1. Considering only residues that are among the acidic types (Asp, Glu) and outside any strand (DSSP E or B), which ones fall in region B:22-68?
2. Out of A:Val722, A:Val662, A:Val686, A:Val705, which single residue is away from chain B (no Cβ under 14 Å) and buried (at least 19 other Cβ atoms within 10 Å of the Cβ)?
3. When you go through (1) on the phi < 0 side of the Ramachandran plot; (2) surrounded by 12 or more Cβ atoms within 10 Å (Cβ to Cβ) one by one for A:Ile366, which number turns out not to apply?
4. Just checking, does region A:469-491 include any residue being closer than 21 Å to A:His396 by Cβ and touching a His at 6+ places or on another chain (Cβ under 6 Å)?
5. Do we find a residue being more than 22 Å from A:Ser248 (Cα to Cα), of a type outside the set (A, V, I, L, M, F, W, C) and within 58 Å of the chain's Cα centre (by Cα) anywhere in region A:279-295?
6. Here are A:Lys401, A:Lys438, A:Lys412: which of them is crowded, with 16+ Cβ neighbours inside 10 Å, touching a residue at least 12 places away in the same chain (Cβ under 8 Å), under 27 Å from A:Pro368 (Cβ atoms) and basic (Lys, Arg)?
7. Does A:Ala652 satisfy being in contact with a Lys or Arg (Cβ under 8 Å, 6 or more places away or on another chain), farther than 24 Å from B:Arg59 by Cβ and not aromatic (Phe, Trp, Tyr)?
8. Quick one: would you say A:Leu634 is out of contact with any Pro (no Cβ under 7 Å at 6 or more places or on another chain), hydrophobic (A, V, I, L, M, F, W, C), within 14 Å of another protein chain (Cβ to nearest Cβ) and crowded, with 19+ Cβ neighbours inside 10 Å?
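The values are calculated or read from the model by the stated rules, or taken from the named source; none is laboratory data. None of these values were measured; they are calculated from a predicted model. A quick note on method: Cβ atoms are made from the backbone with ideal geometry, for glycine too, and the neighbour counts reach across all protein chains shown.
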Amino acid sequence: MKLKTIFDKRLIKQSARAGLLLVVVAALTLEATSLIQYFYARHGLKEECTRRAESELEATKFQIMDIINQAESAVRNSAWIAAWSLDYPDSMSAVTRRVVEQNEVVMGSALALVPGYMKDHELCCPYAYEAGNGLQLFSLATPEYDYPSKEWFTKPVEQGSGYWSEPYLDTGGGGLLMTTYSLPITDRSGKIAAVLTADISLDWLTSLVEDIEVFPEAFSMMISRQGEIMVCPAETLVMRSNVAEASSLVEDTTINRLNRSMLAGESGSMPIRFNGKVNHVFFAPVERTGWSMSIVVPETEIYGELSRMSLLVTLLQILGLAMLVLILRSVIKNSLKYKELNDRKERIENELRIGRGIQMSMVPKIFPPFPERHDIDISATLHPAKEVGGDLYDFHIRDEKLFFCIGDVSGKGIPASLVMAVTRSLFRTVSAHENGPKRIVTSMNESMADMNENNMFVTFFCGTLELSSGHLRYCNAGHNAPLLFANDSIQHLPVVPNLPLGIIPGMEYQEQEIDLDHDDALFLYTDGVTEAENVSHELFGEERLQEVLSYRRSAQEHLQAVSDAVSEFVKEAPQSDDITMLFLHYLNANKQSVKQRHLVIHNKIEEISKLAGFVEAVAGDAKIDSSLALNLNLALEEAVTNVVMYAYTDGADGPVEIDAAVRPGEIVFTVSDTGKAFDPTAAPEVDITKSADERKIGGLGIHLVRKLMDDVTYKRENAKNVLTMTKKI
Amino acid sequence: MEVRINTEKDLTTVFLSGRLDTPSSQEVAAKLESLQDKASGTIVLDCSELKYISSSGLRIFLSLRKAAAAQGGKVIVKDINDDIRNVFMMTGFLNLFEIR
C-alpha cells in the first residue's frame, strides 16, 4: 500500500509535469504567433499611416502652390507695366491698383522704388490695399515705415529674384496672417529699379492645414522659413512663438533634429515623444516659400486598433490557456480515477485467478488417473465460462469400485463456485463410507437442503461401477441423462429425473442399475456442452454431440474431439455456460466379446477351396491385413489338407469341423475330425537346410503350420482329433 | 488357377496365375507331368501372377527341381510376391531355387 501511494504520487507528479509542459508549449506557440502577427500588422499600419500622411502633405502642398502660383503670376504679369511705369512715376500707383484689382488673391500691392534710382524721387512706394469697403491707395514712403529697410524689399533686391516674405500679422487690417511676394523690377538697362509686391492673406492656409485629417487625434502644423509658427492647433502660439521656443518645452531632444530638418526644407518622418506619448511627425517643405508643413500623429492613433486587438487576443489566449489547465487537471484526475478502478479490477481478477486455481485443484486433473489399471479408461474436463464456475466432476476407486459424479450448480460465477466446492467436498466425504449412489445422493441432499439459504441447487449424477463385474448402480438428481455406448450404438442411459440436490430435505431418491459389458462406455456432461451457442444463437445440440462421439477414440481423445467441435461451432461467440464432461470407458478382459465362426466340410480335396472364403470372413472379424490373412489361410489349409488326406481310411466319407474364434489379441482355429487318432504335431521337423536332392517331398504342411502359428496343440478327446492353432494379433 | 506352358528349344516357361492351393495343385501337377521327362534344359516358373501357394504347390516345384537336377537342367523361379517369398523362406526353398 505504501509503495502504491509512492507510485501514485510519482504518477501525479509526472502527469502534472507533462501537463505543465503542454501548457507552456501552447502558451509559447500562441505568443510567438501573435507576436509575429502583431509586428506584421504594426509594420503595415505604419506604412499605411506614412502613405496617408505623405499623400495629405502632397495634396495640401499642391493647393498651397496653386495660390502661391497665382500670386507670383499676378506680380510677374504686371512686371512689364511696372517697368514701364518707372518712366512715368505718377502711374506707379495705377500699377499697384491694377495688381490688386485684377487678382482676387492679392489683397495689397506695393511698387517700391529703389532709393536713389530717380533723382527727384528719393523714396517712392505707392500701395494699393483692398480694405473690405473698397480699394485704398496710400504711400508707404514715410520715414516711420522706412520701407527700404524692410525684408520684403531688401531680399529681392539682394537676390535679384522673387522672394516670399516671412508671414506676418497684418497690423493695419483685422490682424490677418499675411505674406508678401516681392519681385525686383529691372529697367531697360537691366538694373534693378523697383520691387513689385503682392500681399496675400493666409487665412485659407490655416483652414486648409487644419482641415488635414489623417486621424482624428492627429494635427498639422506649418512653420515659416524662420521657424515662426504659422499654423498650429494651439492658436496662442500662432505668429507669436518660434518653433525653437515651443520645442524647448518638449522633453525629447529629437525635436531639435526635427526642427533643423524642417527648416532645411527636408521631408521625412520622425518619432517624437511629448506629453508622455510617442508621436510620429511627417513633414515636407513647401517650395519657394520656405515653409515646412508637418502632420503629427500620436502613436496610439496609428496602433490604437492594433493594441485593442492585441489586448483582446491576449485575453483570449489567457482564457484558452486557463481552460487548457482546467481540462488537463480534470484529465489527470480522471486518469488517476481510472487507474484506481483498473487496480481494483486487477485485484479482483487476480483473486479470481487464484480462485480458479483452487477450484481446479478440487477436481482430479491428472489423466490417465489410474495408469496401472487396464479395465477403466476415464477422462474428464471442466471449462468454467467465467474464471470460476459451478460445474464439478469427481471420481475415485475404493474397494475395486469406481465412484464418479458430475454436477451443475444453478447460477454462475463466485456464488456457484462456492456451492460447487461444498458439493464436491460432500461427495468426497460421503462416498468415503457410503457404498450406494442412492445413499450418497440422499445424504448429500440432506446436508445441502439444510444449509440452503440462498435457494441454490445442484443437478447431480452419481454412479458406482463394480470394476470386476461391470455392474453399474447410479442415482440421478435432476441432471441430464448421460450417454451410454453399448452394442455399437449411442443412447441415453435410462434415468429417473428425481430432483436436484438442495431443494427438498428428506427427498426419496431412486437408484437404478445396469450391467456394463467390455468396451461399453458412459459420457457424462453438463448442459453447457449441448447448449453452447454460436453467434446466431443456435445450440450445439445433442445430434452434433452424438455425431462427434460416434468415432472410436480413447476417453481423452473423445473429450478433446467434443471440445474442438464445440469451439469450432461457437467460434467467436462468448462461452455462456460452464462446460464439463466425463468419459468413462469400461474394458473388462474377462467379459470381452468373442467372435466365432464355424465351418464343416467333407473330406474331399475340392472342399478345401471353401477355406479361402472362411478365412476371409474371420480376417474381417479380426480386422487383420491381407498378408496375415493369407498366412492364416495357408496354415489352416495345411491342417485341413492333412485331415482330408489321412484321417479317414479307405475313402470313407467324414466331416472336418473348423472353428474360428476372434478374441482381443488372438485368433484361434480349431480343426477336429472323427477319424483315426493322429497327432500331426508329433511329425519330425523338416530340415530345411538340406539340399534339393536330400529333401523329401512331404512334411512341409505341418512345418508351415508350426511356422505360421504361434501355438499349435493336439488333443484326442471324445473320439475326436482336435488340433488347436493360435495366432496372436 | 491358370497354367500356360511355352517351350522354345531348351527354354520352357511355365506361367502360373492365381491360387496354387491343394485342389488346384492336382491339375497343375497333371499339366506339368510331361516336363518331368525333359528337364534337361531350363525351366522358368513365372510367378508374377501367382497369389498363393500351399505345400502341395511347393511339392510340384520341388519335384520339378529334383527332375531337372537329375537331367542336368535347371529351374528358375521368377517374380514371386512378398507373401510367397516369405513361404519360400520358411521352407528353405529360397536356397533350393534360383530366384529372379
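1. Applying the first criterion (among the acidic types (Asp, Glu)) to region B:22-68 yields B:27, B:33, B:37, B:46, B:49.
The answer is B:Glu27, B:Glu33, B:Asp37.
2. Checking each option against the conditions leaves just A:Val662.
3. It fails just one condition, (2).
4. The answer is no; no qualifying residue exists.
5. Checked against the condition, which is being more than 22 Å from A:Ser248 (Cα to Cα), of a type outside the set (A, V, I, L, M, F, W, C) and within 58 Å of the chain's Cα centre (by Cα), region A:279-295 yields no hits at all.
6. From the options A:Lys401, A:Lys438, A:Lys412, the qualifying one is A:Lys401.
7. Details: in contact with a Lys or Arg (Cβ under 8 Å, 6 or more places away or on another chain): no; farther than 24 Å from B:Arg59 by Cβ: yes; not aromatic (Phe, Trp, Tyr): yes.
When the stated conditions are applied, A:Ala652 does not pass them.
8. yes
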